[in-house]
Every structure is written in C-alpha cells, then in structure tokens.
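To start, the structure under review is shown below, and the notes come after it.
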Amino acid sequence: IPVDPFDLVVFGGTGDLARRKIMPALFRRCAAGQIPDGARIIGVARHGHDAESYRALIAESLRGEGADPCHLEGFLRRLEYRSLDATRSEGWDGLGIGMGQGVRAFYFSVSPDLFGALAERLHAHGLVTPEARIVVEKPFGHDLESARALNRVLAAHFREDQIYRIDHYLGKETVQNLMAVRFGNMLFEPLWNSQYVDHIQITVAESVGVGARGAYYDNAGAMRDMMQNHLMQLLCLIAMEPPAKFDPDAVRDEKLKVIRALDAVKPHHIVRGQYADGEGCGYRAEVGDPRTTTETYMALRAHISNWRWAGTPFYLRTGKRLVARSSVINVMFKDAPHSIFGEEAGRHANVLSIRLQPNEGITLKVTIKEPGPGGMRLVDVPLDMSFAEALGPENQNPPDAYERLIMDVIRGNQTLFMRGDEVEAAWAWTDPIIAGWQARGDVPKPYECGSTGPGDAELLMKRDGRRWQGIN
Ligand code: NAD
C-alpha cells in the first residue's frame, strides 16, 4: 500500500550509511510500489555533487541490489541533491523550495556532533512544520550526560513525537516477532516468570572484526556499541510486562520500567574481552594502538528487581570475531520439580531458543522417551521451526530493518523507536559499569579469534552452576 507523498531529506546523503542502508532500503520500498510519484528524496552533503552525479553515485551503490533498470529509473527520478554545510547558514532557505504540505522527514545520517547544528538551522530557516520529523542515528550520546545534552538540544526544536531515535535492531522482523511470540500465544506467558524460568541468555555474536570502523569503535567498545542499546532492547522485549496495546507509548512505558528495575551490576558479574594478536588477527593491530584497552567482547549477569523476575538472572554477551554470527535468546526453564522416572532418567529442562539471525526461527527443547525396550529413559529433542520454511518461499527475504523503520517514520509510528527517557535510563545503568573499569584500570581479557570469547565468561556461568548454550 503506497504511503502519502512525502519529502525525505537525508543529511549525510553521500556517507557510508546512506549508500549502504538508507538508499537501498528506499529503493526496495520504491520497487515494491510503496513510494508514490509525488514523493521526493533529497540527499544532502557538504559538497562535491550535482543532481546528476549524485544519482550516478546512488545508482552505483544499488548495483549490488540487482536493480531492475525500470525500477532503478523510477527511484532515481524521485532523487534530488543539495549541497549544504550544517555548520554554515548559506543555502538553507533553498532547501524548502518545492516541499509539499505533507510529511517532511529529516534523516540525520551525519556525525552526532552535527545534530544540534542541524536542528537549529532547520528551525531558524522555518523548515520545521507540525508534520516535520527527524530521524537520528546511533550512537545517541556517549554517556548519560551527553545523551541528556543531546535530548535537550533536540527538545528545543522538536516535540518528542517528532524525534525518531533509531535502534535498527528494533526494525528486524525477528525482533518484532519476540513480541508476537510472547503476547500472541497463550502457551508461553503463564510460564514467563521466575517461578518457571531458571535464567535467560541473550547472545549477539559477530564473526567479523571492527573492519573500517576502528576509529569510532575504539572510542566506544562493546558496552557502548552493542550492550547499552541493542542487547538492552532485547532484554526489554523479553522481560517487559504486556503493554495494554501495541502502541508507541504503551510499549515504551513497559520497556522503560524494565530498565529502571535493573540492579547495578556487580564487578564480579562482568567479563570484558578483546580479540588477541594471533595470526593475522588482533584488535590492537587493527586499530593501530598497541595499548588500547577497549573491549570487543563483554558478558554480564543482570538482575531485574521486580515481582516477575526477582531471582532469575539474565546473562547477556556480545562480541566480535567470535566463532559464528548468531543472535539468539535462550529461555532456560527450570527442571521438573520431581522426577517420577528416578535418578537414572537424568535431569531435563525445557529450553526455548528464539533465533534472531541467521536461520530465524524458534526451537523448543522437549523431553520424550528414548525409543526402545530398555525401560523409561528420557531424551531431549528439538521441536524446530524456521520462519522461512513455515511461512513459505515468498517470505524467505523479509524486508531489511531500515525499510520497515523508514516507512514507520513516514507513517508517524514511533513504536519501534527509542524514547528519550529510555535512552537516558539505559545510560544511567551503563555509566557506573564503565566508570568502575576506568577507576580500576581494568584491562580486557584476551580471547582467540574464532572462539566463543574469554574463558572468564564460562566461569561466570560455572560459578552459578550453569553454562552457555552453543553459539552456532
Ligand atoms: P560518513 O562519514 O560515511 O558520512 C558522513 C556524511 O556527513 C557525508 O555525507 C558528509 O558529506 C556529511 N557531512 C559531514 N560534515 C558535514 C557538514 N558539516 N554538513 C553537512 N554534511 C556533512 O558517516 P556514516 O558512516 O554514513 O555515519 C553517519 C551516521 O550514522 C553517524 O552518526 C554514525 O554514527 C551513524 N551510523 C553509521 C553506521 C554505519 O554502518 N556507517 C552504523 C550505525 C550508525
């Protein structure tokens, strides 16, 4: 279904994110017939292009999409270009020329240092209409103080319902499925509490290293780059109370309550790691700093002090250059309280695994009788469902997160975007952990590329009589 005509301005329109994610997402929505003829997409960068050379640049980025020439032509027709510098006033009045009365969205795909300047210029040049909205990329701040400062700057020019803070994890089809699985089924919710759940594991493992993002990453680390935002969002969706309805504030209110109920994490419940110098693989060599103590891995044990989860730990881990790329949530149920089959049948507990990527789907480990005449022995088998298989071949390639999120911006639906208070609460939980490392001069534990992370992460579990589920 096409949306109403809109104007979308992409600041940073020549940048890496615009070329790799934003423009391909818009192109695919356009090819799917969702972007009407009257819509305009305006790439903005400091200099170096005119409309023709900009279209050629974007056409080049779309080549990998296997773009049908007819679809490509249709998309490029909607694409325009302007040169503007966020830090200077010249040329801004021209940006509004030709803009319609409908939705106008300004995508800030530039360094966060420029967010304030962009917001001020848009306002000063009369471009902020009641239907205007802005999209801001991560990272949203570096700590609580900077996130608050950013929220203040944006709030000076935009209402909260005009600000769309992207966490692209929330746009992933399978992450949204977490809510469908939890709240669309009667089966799980009654068991979804500390009475039946022993603990929950959330793993976001990457097999790649920092690549070309070394300069940014070395200032951030796994805590700021992944834990504070993506893993925190997964934790919220898994742990929150059922919202009254699937509406932006109802969902975000419940997520915020989870973050606010998190206890401070004890230092001995945190493991930091860094992939070590090995053959052709080492973080320090990659970022060109032999002494950097930035973590490329971290694991921690979190507690949510509320009625539902008191006593059920949440183990979160994320890292780069691990054995496989895999994002999965494992809900580890408690053992049956009593085994009627005697000790020799062994201890068995159900595990619900929700795979976010790759091979998206759900597996429930159930216990059945081992076949054969040898008495009552038990064995665990998977009840396995892959979304692609279950939903048919037409759903093999679900829309990319950016497609969903950008169209939500145009439609004005903030459910899958972070609210200012949520981001601040997440930093309030993260800051003391980072301050503790700094105060103690903490050095991350080395781990081998292609491994499951530092040995201390296994110990974190072992001390509690538990162990991590496999990464792949
Ligand atoms: P980039 O350096 O590749 O591109 C920056 C863009 O900003 C360029 O188009 C440049 O012309 C423009 N620009 C720079 N200074 C400007 C100024 N004074 N006025 C107007 N335009 C100016 O950056 P990127 O990797 O595309 O990242 C953009 C944003 O997205 C950043 O906030 C980044 O943190 C975020 N982000 C990027 C990625 C990624 O994979 N690249 C992932 C997540 C978030």
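The values are calculated or read from the model by the stated rules, or taken from the named source; none is laboratory data. Keep in mind that this is a model prediction, so the values were computed, not measured. Cβ placement follows ideal geometry from the backbone for every residue including glycine, while neighbour counts extend to all protein chains displayed.
Selection of the range 457-470 for residues being surrounded by 15 or more Cβ atoms within 10 Å (Cβ to Cβ) and acidic (Asp, Glu) yields only Glu458.
Of all residues in the range 189-222, those satisfying the criterion of being surrounded by 15 or more Cβ atoms within 10 Å (Cβ to Cβ), of a type outside the set (S, T, N, Q) and more than 16 Å from the ligand (Cβ to nearest atom) are Trp192, Val197, Asp198, His199, Ile200, Ile202, Ala205. A single member of Leu178, Leu187 is aliphatic (A, V, I, L, M) and over 17 Å from Lys255 (Cβ atoms), and it is Leu187.
Whenever a residue of the range 378-394 is modelled with pLDDT under 90, its partners that are among the hydroxyl-bearing types (Ser, Thr, Tyr) and in a helix (DSSP H, G or I), lying with C-beta atoms within less than 9 angstrom and at least six residues away or across chains, give the pairs Phe387/Thr174. Residues in the range 442-458 that are in contact (Cβ under 8 Å) with a residue 24 or more places away in the chain and not acidic (Asp, Glu): Val443, Pro444, Lys445, Pro446, Tyr447, Cys449, Gly450, Ser451, Thr452, Gly453, Pro454, Ala457. Within the range 8-28, the set of residues being away from the ligand (no atom under 16 Å from the Cβ) and either outside the structural domain of Ser53 (by TED's automatic domain parsing) or surrounded by 22 or more Cβ atoms within 10 Å (Cβ to Cβ) (or both) comprises Phe27 only. Do we find that Glu52 is surrounded by fewer than 18 Cβ atoms within 10 Å (Cβ to Cβ) and without any contact (Cβ under 8 Å) to a residue 24 or more places away in the chain in this structure? Yes, satisfied.
Table: residues versus (1) over 21 Å from Gly116 (Cβ atoms); (2) in contact (Cβ under 8 Å) with a residue 60 or more places away in the chain.
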site: Asp7; (1), (2): yes, yes
site: Cys30; (1), (2): yes, no
site: Gly48; (1), (2): yes, no
site: Thr87; (1), (2): no, no
site: Asp93; (1), (2): no, no
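Would you confirm, using the coordinates I've provided, whether Ala105 is modelled with pLDDT of 95 or more, within 16 Å of the ligand (Cβ to nearest atom) and in a helix (DSSP H, G or I)? In short, no.
Here Gly100 qualifies as over 24 Å from the mean Cα position of the chain (by Cα), at pLDDT below 95 and away from the ligand (no atom under 13 Å from the Cβ). If the condition is being buried (at least 19 other Cβ atoms within 10 Å of the Cβ) and in contact with a helix residue (DSSP H, G or I) (Cβ under 7 Å, 6 or more places away or on another chain), then the range 29-48 contributes Arg29, Cys30, Ile35, Ile41, Gly43. There is no residue in the range 363-376 that is surrounded by 14 or more Cβ atoms within 10 Å (Cβ to Cβ), in contact (Cβ under 8 Å) with a residue 40 or more places away in the chain and assigned by TED's automatic domain parsing to the domain that holds Ala345. For the range 162-177, state whether one or more residues are farther than 30 Å from Phe11 by Cα and not aromatic (Phe, Trp, Tyr). For the range 162-177, residues farther than 30 Å from Phe11 by Cα and not aromatic (Phe, Trp, Tyr): present. Does Leu178 satisfy being more than 30 Å from Asp16 (Cβ to Cβ) and in contact (Cβ under 8 Å) with a residue 12 or more places away in the chain? In short, no. Taking the stated definitions as given, is Val423 under 30 Å from Ser146 (Cα atoms), modelled with pLDDT of 95 or more and touching a Ser or Thr at 6+ places or on another chain (Cβ under 6 Å)? No; evaluated as a whole, the condition is false for this residue.
Looking at Glu241, Glu254, which is the one that is under 15 Å from Phe183 (Cα atoms) and either touching a His at 6+ places or on another chain (Cβ under 7 Å) or without any contact (Cβ under 8 Å) to a residue 24 or more places away in the chain (or both)?
Numbers: Glu241 fails: either touching a His at 6+ places or on another chain (Cβ under 7 Å) or without any contact (Cβ under 8 Å) to a residue 24 or more places away in the chain (or both).
Of Glu241, Glu254, the one residue that is under 15 Å from Phe183 (Cα atoms) and either touching a His at 6+ places or on another chain (Cβ under 7 Å) or without any contact (Cβ under 8 Å) to a residue 24 or more places away in the chain (or both) is Glu254.
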